[in-house]
Amino acid sequence: MIATRTAAVRTRLTELRGTGLLRTLGLLALLIVTSSFWIFFSAFAMGFTSDFNLFFLLRSAAIAVTIGFAQMVVLSIGDMNLSVGAIGGATGMFAGWLMQVLGVPPALAVLLALALGTTLGFGNAALVVWTHLNSFIVTLATASLITGGMLILTQARPFSTLPDSFIAIAQVELFGMPVAPLVLITLAVAVLLGLVYRSTSLGREMLATGANRRAARMSGLSVGRVVLVAHGLSGLLAALAGAMSVAANNTASPGIGSDWVLSSFVAPAIGGTLLSGGLVSVSGTVLGGLLVATISSGLLLMNVSNFWLSVFLGAVLLLAVGLDRITRTVGGAAS
Amino acid sequence: MVATARRMSPVALGLLIVDLMGALLLTVITPSFTSTYNLFITGRDFSILLLVALAQMIVLAIGQMNLSIGAIGGLVAIVESGLMVNAGTPVVIALGFGLLLGTACGVANGLLIHWTKVNSFILTLGTSYVYAGINLGITHATPFYHIPDVVSAFGQARTGAFPHVAIVTIVLTIALAVFLRQAVLGRQLLAVGGNAVAAALSGLPVRRVIVTAHGISGFFGAVAGTLLMAQLGEGQPTIGVTWILPSFAGPIIGGAVLSGGSAPLLGTVFAMVLVSLISDGLILVNANPYWVQFLVGALILAGVLLGRIRAVGLRDVFRLKSTVPGVAEQK
């Protein structure tokens, strides 16, 4: 019984990986699209390649990628997390409060904020595991609880007197290049996540859970533990993105995170992460976040109304999931 | 299906009792609760939000979601007010066009979901940004002021404490109830929600059902947007942006399941009464308005937890052994 179930998980994972060539092509296409936009904007958008613009572009890309990662890790187990923005906003406010009101050193404040984010993620996981409720409903409700709680506690007052050493992670140029320190943080996170999914048993367990949760459970996997880890990691990454946003905005404001729902899904979806679970692409999420930031920045410079950007992003998301669907069908792994 | 209908009624009954106790409590602790004006305002807000909740309930009934209800409501309100204010279009034509547009947006959602087989959550998340983007592209975030008096007067009209916009909601709610209970398509809708594969195999028109559910959802969202525009007296581009939470709160607290097959209309109505009582009560006792968001979130969790306890019994709810987290609702 267990043997056949294990085989079922393996088969499903192999099916998903069977789309490998297509997925490499997909990544390549994404790379070409992103490069084309860079060439296009360099030629037609005044100031696109200026140090000033590149600095902001890479910074917002780094934040978008981190938000995408926060969603990607729960997508990998076939769940979703609608409270990514709520956690990012609440932990950002928490960090701001610690630094401004309590005078906590930035490093410690960020650590505590990350701990809070992880705890909130664990809370989501506990509700999903104990109650068997769908992660959509659980995180819709907890998002409302977390944001509501944050607003009640802070009275929606921002914290804008933050230590320079904290702001620096988003505001200084590294080695005279237009790269803020937080870009390196995002890259480090990307490398770590890549390692987790490529070469650790935890990563494989998350993907197995996403590929077929029931079969994974039957083959002896502690699915509850995997769910706990994935949601905790999601909370941690959301908190990291929250801290980055606070540093980038110079202010811990209660609005942070309120518009993350779309961006959290866009980067992984464009990058080829399966929304139904079992397959992630870390490099795809990086490219997806970079593409979104590139288009936003370019359209802004070309004076295209910011509002049409919303239409554009929606269309990009629809296109990406449409392609995702085709890839799965062609790969013989449609479900 | 019959069993589902029978099982849902305790939820509605329970909610009704809670509603009555809540109303009694508010009457006792805040005299202004029963003032004509307060009842009018609360009733009017309730009338609009109930339509939003029903717009979600009808797609939940087929096991799908619509995240674009608010975006549709906002787009419709903007197009209608834009036509009336800037183009001088007669009221009837402008409103008719708006409602048609909203229905078309819903139908587009349904067709796209059917054709692409993409998860309705992601698909309507995508279209919601498209609809909202078009809205802001038209308005550049500036409202259309001074809509015709006929429309704004209707938004303010009342007989005693009874808001006239509630007439629209009552008629549409009854129509939806009759449709789900009596019409063949309505029955088919619940069948598809119960088990889409079985429904397709037994020859039910799955595409028509999906398109109908999403069309109704778009139409209800459009009516809600129109009524809110009439109430505000202007076409606000922000109409609908806060509707996601109430849209799910109503049906989920009312007893709907995400996997589909149930359309707890009465439960949704009483759940929205409870949400309205909570918002109104918090305002009347001068509480921090942010409590509304917090409490609605807590209420959703409590509602689904109770549903879960009803389904498996209290002892098994928190049992970890031999269970598969997160897939309980998948059949």
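Bear in mind these aren't lab numbers, they're just calculated from the coordinates by the rules spelled out. Because the structure is a prediction, the values reported are computed rather than measured. Cβ atoms come from the backbone with ideal geometry, glycine included; neighbour counts cover every protein chain shown.
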Averaged over all viewing directions, the convex hull of the alpha carbons in chain A casts a projected area in nm² of 17.0 nm²
Here the net charge surrounding B:L228, from other residues whose Cβ is less than 12 Å away from its Cβ (Lys, Arg +1; Asp, Glu -1), is -2
What value in Å³ per residue do you get for the convex hull of the alpha-carbon atoms in region B:42-271? 109 Å³
What is the calculated FRET efficiency for A:S222 to B:A198, with r their C-beta to C-beta distance and R₀ = 30 Å, to the nearest 0.05? 0.35
Label-point gap, in nm, between A:L112 and A:A315 - each point 7 angstrom along Cα→Cβ: 4.7 nm
Could you tell me what fraction of 2.2 N^0.38 Å the Cα radius of gyration of the protein assembly as shown comes to, as a two-decimal ratio? 0.95
Contact order normalised by length for region B:42-271, with contacts defined as Cα pairs under 8 Å and 6 or more residues apart; what percent is it? 44 percent
Inter-site label distance for B:R207 and B:I167 at 7 Å from Cα along Cβ, in nm: 4.0 nm
Kindly state, to the nearest 0.05, the FRET efficiency for A:Q155 paired with A:T24, given R0 = 45 Å and r defined as their beta-carbon distance. 0.30
Pseudo-spin-label distance B:S35 to B:T142, built 7 Å along Cα→Cβ, given in nm, is 3.7 nm
Using 0.36 nm per residue, how much length does the chain from B:I17 to B:A87 gain when fully extended, once their Cα-Cα distance is taken away? 20.3 nm
Tell me the relative contact order for chain A as a rounded percent, counting alpha carbon contacts under 8 Å between residues six or more apart. 36 percent
Apply 1/(1 + (r/R0)^6) to the Cβ-Cβ distance of B:A311 and B:V241, taking R0 = 35 Å, and write down the FRET efficiency to the nearest 0.05. 0.55
Residue by residue through region B:68-85, which ³J(HN,Hα) values in whole Hz follow from phi under the Karplus form 6.51 cos²θ - 1.76 cosθ + 1.60 (θ = phi - 60°), with glycine and proline marked x? 9, 4, x, 5, 5, x, x, 4, 4, 4, 5, 5, 4, 5, x, 4, 6, 7
